[in-house]
Amino acid sequence: MTLRLGIADHLGWAVAVTADAEHAVVDRRRIALVDEGLSEAPIHYDRGVSSDAEIAALIDRVRASIARCAAAAFDDLPSGIVSISLRVWPADFPTDLAVARQVPWEARADAVRYRQVLAEVAGARGWAVHRYDAKTAEAQASARLGARAADVLTGPRARLGPPWTQDHRVALAATVLAATVLAD
């Protein structure tokens, strides 16, 4: 069975929706992306860390935690996943810590690092990594699905019950978009 995983990430956690080739939801869950007790946003929240070395060490610990948590969460998902869809991040996003800690980058730096680590963990599993725009994913998926759009994107709430939030719909829509890319 060919499955695709859509992720709607937040700081420290994400909604994960796994769909089959017909866009039916086979799994949905909330996954932890960082170990308890670690900062969920070291660049944005931990402004009180005094030295660059301390913040770099904290970021390294958080990054390792994200990789561990993602790998454990991915291990628990159904087998057969061929792709992961993640929210897009700028290709030119700064990698230099001093730059990433400055406005306007610091507000998005932690979220981008989550996505980058998720992409690395998924890539190591051989999954194709697709990026999507969260603001347009549902509309783009609806256009591709045509008359099936409402059933595919909002039907799971009736079939599976709550929770079925905007995050779930966007993550599922992202799998639809990934399927289109895989088919091309």
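For a bin width of 10 Å, list the pair-distance distribution of the chain built from all Cα-Cα distances, rounded to whole %.
Histogram of Cα-Cα distances, whole percents per bin: 10, 37, 32, 16, 5, 0.
For the chain, what are the DSSP H helices with axial Cα length of 20 Å or more and mean Kyte-Doolittle hydropathy of at least -0.5? Mind showing how you got there, number by number?
Working: long enough: 52-76 (36 Å, 0.45); 106-124 (28 Å, -0.11); 166-183 (26 Å, 1.04).
Span-like helices, by this rule, are 52-76, 106-124, 166-183.
Anyone know which of D96, D35, D110 comes out most mobile in the 10 Å Cα GNM of the chain?
Evaluated over the chain, the most mobile residue of the options is D96.
What's the extension gain from R108 to D92 if we count 0.36 nm per residue and subtract their Cα-Cα distance?
Contour length minus Cα-Cα distance gives 4.5 nm.
Provide the per residue accessible area, probe 1.4 Å, for the stretch 1-115, rounded to a whole number of square angstrom. Could you put the intermediate results ahead of the total?
Details: 5380 Å² over 115 residues.
On a per-residue basis, 47 Å².
Give me the net charge for the shell around E120: Cβ to Cβ below 11 angstrom, other residues only, Lys and Arg +1, Asp and Glu -1.
Working: positive: R63, R113, R115, R125; negative: none.
Once positives and negatives cancel, what remains is +4.
Per DSSP H run of at least 4 residues, take -39500 (n - 2.57); add these up for the chain, divide by its residues and hand me the 222 nm value, nearest 500 deg cm²/dmol. Let's see the in-between values first.
Values: 7 runs with 91 residues, N = 184.
Calculated mean residue ellipticity at 222 nm is -15500 deg cm²/dmol.
For a protection proxy built on the mean count of beta-carbon atoms within 10 angstrom, sort 71-82, 130-141, 155-166, 22-33 highest first, please. Mind dumping the intermediate values first?
Working: 71-82: 14.2, 130-141: 18.2, 155-166: 12.6, 22-33: 16.3.
Answer by packing, highest mean first, reads 130-141, 22-33, 71-82, 155-166.
Take D52, D167 and sort them by solvent-accessible surface of the protein heavy atoms, 1.4 Å probe, largest at the top. Can you show the working numbers first?
On the way: D52 105, D167 30 Å².
Greatest to least solvent exposure: D52, D167.
Could you rank W127, W13 by how accessible they are, 1.4 Å probe, largest area first? Let's see the in-between values first.
Details: W127 30, W13 65 Å².
The residues order as W13, W127, largest area first.
Amide H neighbours of R131 under 5 Å, at least 5 residues apart or on other chains, H built in the peptide plane: list them.
L86
If the viscosity is 0.692 mPa s and the temperature 37 °C, what translational diffusion coefficient in µm²/s does Stokes-Einstein give for the stretch 69-135 when Rh comes from Kirkwood over Cα pairs? Don't skip to the answer; put the middle values down first.
Values: Rh = 13.1 Å.
Estimated via Stokes-Einstein, D reaches 250 µm²/s.
Measuring from centroid to centroid over Cα atoms, what is the spacing of the stretch 96-136 and the stretch 53-83 in Å?
Result: 12 Å between the Cα centres.
With the full set of protein chains in place, find how many percent of the accessible area of the chain is carbon and sulfur; take the probe as 1.4 Å.
On the way: 4640 of 8890 Å².
Here carbon and sulfur together make up 52 percent of the probe-accessible area.
The values are calculated or read from the model by the stated rules, or taken from the named source; none is laboratory data. Just so it is clear, the model here is predicted, and its values are computed rather than measured. Neighbour counts run over all protein chains shown; Cβ positions are idealised from the backbone, glycine included. For accessibility, only protein heavy atoms count, side chains too; no ligands or nucleic acids. Shrake-Rupley method; radii C 1.70, N 1.55, O 1.52, S 1.80 Å.
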